[in-house]
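The next block holds one structure in the form of structure tokens; read it before the comments.
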Amino acid sequence: MDRTEPVTLTNMCMIKKNDNILVLDRNDPYWPGLTFPGGHVENHESFYDSVVREVKEETNLDIKNPRLCGIKQFYDENDHRYLVLFYIATEFTGTVKDSREGKLTWMTKEELFKHKLAYNFDRDLLVYFNPNIDEHILDGKRDELF
């Protein structure tokens, strides 16, 4: 029995500065709205290196010691597993600069929930903000948090 399957590996990072969180207002027509910076893991790239690189590309910040806080998984339009590793970073250097991905803004947690979020991102935020939840499973049959 084959125990392998096609998987897309991605990451997303909540960057915190005191009571503020860096949010990205995405330009993507398929997933517009507020979310956190992140992207795909490249071939033979470590998860850690990928989140550091993606944050640099999308924010101009050099994060240090990002902490894995949860995961999300779902199946894409090709029925391939899609896995998102959720990170939190509180240490960084550099100056925030918008990228082709969208506009960046510092917001409080309360302000974030008052804006238009990317589809289903409100459920992802529960993984970030509730220490008792570390997994979000989303597919055609269920949308559950564990």
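The values are calculated or read from the model by the stated rules, or taken from the named source; none is laboratory data. Remember, it's a predicted structure, so these values are computed and weren't measured experimentally. Every residue, glycine as well, gets a Cβ built from its backbone with ideal geometry; the counts of neighbours run over all protein chains shown.
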Practice problem: Confirm whether Trp106 is surrounded by fewer than 17 Cβ atoms within 10 Å (Cβ to Cβ) and modelled with pLDDT under 95. | Solution: no
Quiz item: Any residue at all in the range 117-128 that is within 14 Å of Ile15 (Cα to Cα) and touching a residue at least 24 places away in the same chain (Cβ under 8 Å)?
Solution: yes
Quiz item: in contact with a helix residue (DSSP H, G or I) (Cβ under 6 Å, 6 or more places away or on another chain), in contact (Cβ under 8 Å) with a residue 12 or more places away in the chain and closer than 18 Å to Leu138 by Cα: does that describe Thr10?
Solution: no
Quiz item: Got a sec? Which of Phe146, Phe86, Phe36 is among the hydrophobic types (A, V, I, L, M, F, W, C), surrounded by fewer than 18 Cβ atoms within 10 Å (Cβ to Cβ) and under 22 Å from Val7 (Cβ atoms)?
Solution: Phe146
Quiz prompt | Residue count, the range 18-33 (criterion: surrounded by 14 or more Cβ atoms within 10 Å (Cβ to Cβ) and either under 23 Å from Ile63 (Cβ atoms) or among the hydroxyl-bearing types (Ser, Thr, Tyr) (or both)) | solution = 8
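Residues are listed down the side, and each one gets a yes or a no for (1) modelled with pLDDT of 95 or more; (2) surrounded by fewer than 17 Cβ atoms within 10 Å (Cβ to Cβ); (3) farther than 27 Å from Pro131 by Cα:
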site	(1), (2), (3)
Glu42	yes, yes, yes
Phe47	yes, yes, no
Val52	yes, no, no
Glu57	yes, yes, yes
Leu61	yes, no, no
Pro66	yes, no, no
Cys69	yes, no, no
Lys72	yes, no, no
His80	no, yes, yes
Quiz item: If you scan the range 81-113, which residues turn out to be over 15 Å from Ile21 (Cβ atoms) and of a type in the set (A, V, I, L, M)?
Solution: Leu83, Val84, Leu85
